[in-house]
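Q: I'd like to ask you about the structure that follows.
The values are calculated or read from the model by the stated rules, or taken from the named source; none is laboratory data. All values derive from a computational prediction rather than experimental measurement. Here the Cβ positions follow ideal geometry from the backbone for every residue, glycine too, while neighbour counts run over all protein chains shown.
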Ligand SMILES: [Zn+2]
């Protein structure tokens, strides 16, 4: 039983961000931040494009959203299970709900999110699994750099 019902149209916007990143040679990881049914921020991993190790999909999304008075009424949609940096940022700002595309290619830290009281839904989405899996197979060095391996 999922703790809440994700809006799949918002999830598809995160997937669209991932596709955009992939189309320019970046890591196919996208995210959107939603409040009251509206997307207030969106982004995709920009590590390769901007030579910036911090700009994971979730981080780029939060940067693009700009300063927010509160995150307590937001939902983060991301195509891949969040790494420790993004998990920490989600907890830091108090984002209460996270929808994850998949955690097969990268387990991430959903257990840490849940321990901090964040509600997590993992969609186990076929397209995300395929897109990320394909990228890792084609560019293992870029992926290992992403997660500090
Ligand atoms: Zn991350």
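Q: Within the set of pairs 6 or more residues apart or between chains, which connect a residue that is more than 16 Å from residue 84 (Cβ to Cβ) inside the stretch 96-114 to a residue that is at pLDDT below 95 with Cβ atoms less than 7 Å apart?
A: Sorted first by the residue in the stretch 96-114, then by its partner, the pairs are 97/4.
Q: All but one of (1) part of a helix (DSSP H, G or I); (2) crowded, with 18+ Cβ neighbours inside 10 Å hold for residue 55; which doesn't?
A: Of everything listed in (1) part of a helix (DSSP H, G or I); (2) crowded, with 18+ Cβ neighbours inside 10 Å, residue 55 misses just condition (1).
Q: Here is a follow-up. Within the set of pairs 6+ apart or on separate chains, which have a first residue in the stretch 126-149 that is touching a residue at least 24 places away in the same chain (Cβ under 8 Å) and over 17 Å from residue 52 (Cβ atoms), a second that is within 16 Å of the ligand (Cβ to nearest atom) and assigned to a helix (DSSP H, G or I), and C-beta atoms under 6 Å apart?
A: 136/143
Q: Could you tell me which residue of the stretch 132-149 is farthest from residue 17 (Cα to Cα), considering only residues that are more than 16 Å from the ligand (Cβ to nearest atom) and surrounded by 13 or more Cβ atoms within 10 Å (Cβ to Cβ)?
A: The extreme case among them is 139.
Q: Still on this structure: Mind checking which residues of the stretch 103-119 are in contact with a strand residue (DSSP E or B) (Cβ under 8 Å, 6 or more places away or on another chain) and within 14 Å of the ligand (Cβ to nearest atom)?
A: Once the filter is applied, which keeps residues that are in contact with a strand residue (DSSP E or B) (Cβ under 8 Å, 6 or more places away or on another chain) and within 14 Å of the ligand (Cβ to nearest atom), the stretch 103-119 yields 103, 108, 110, 113.
Q: Please go through the stretch 26-36 and give me each residue that is away from the ligand (no atom under 12 Å from the Cβ), part of a loop (DSSP other than H, G, I, E, B) and in contact with a helix residue (DSSP H, G or I) (Cβ under 8 Å, 6 or more places away or on another chain), ordered by number.
A: Scanning the stretch 26-36 gives 26, 28.
The rows are residues; the columns are (1) more than 15 Å from residue 90 (Cα to Cα); (2) within 16 Å of the ligand (Cβ to nearest atom).
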site: 24; (1), (2): yes, no
site: 48; (1), (2): yes, yes
site: 51; (1), (2): yes, no
site: 62; (1), (2): no, yes
site: 70; (1), (2): no, no
site: 73; (1), (2): no, no
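Q: Let me ask something else about it. For the stretch 7-58, how many residues are under 16 Å from residue 128 (Cα atoms), touching a residue at least 60 places away in the same chain (Cβ under 8 Å) and under 14 Å from the mean Cα position of the chain (by Cα)?
A: Counting residues in the stretch 7-58 that are under 16 Å from residue 128 (Cα atoms), touching a residue at least 60 places away in the same chain (Cβ under 8 Å) and under 14 Å from the mean Cα position of the chain (by Cα) gives 13.
Q: Out of the residues in the stretch 83-101 that are out of contact with any strand residue (DSSP E or B) (no Cβ under 7 Å at 6 or more places or on another chain) and part of a loop (DSSP other than H, G, I, E, B), which is farthest from the ligand (Cβ to nearest atom)? Walk me through how you get there before you give the answer.
A: Within the stretch 83-101, the subset out of contact with any strand residue (DSSP E or B) (no Cβ under 7 Å at 6 or more places or on another chain) is 83-89, 91-94.
Next, only the ones that are part of a loop (DSSP other than H, G, I, E, B) stay: 83, 94.
Details: 83: 3, 94: 18 Å.
That would be 94.
Q: Right, another one. When residues of the stretch 21-52 are filtered for being surrounded by fewer than 16 Cβ atoms within 10 Å (Cβ to Cβ) and closer than 20 Å to residue 106 by Cα, how many remain?
A: 1
Q: All but one of (1) touching a strand residue (DSSP E or B) at 6+ places or on another chain (Cβ under 7 Å); (2) more than 21 Å from residue 125 (Cβ to Cβ) hold for residue 77, so report the exception by its number.
A: Residue 77 satisfies all of (1) touching a strand residue (DSSP E or B) at 6+ places or on another chain (Cβ under 7 Å); (2) more than 21 Å from residue 125 (Cβ to Cβ) except (2).
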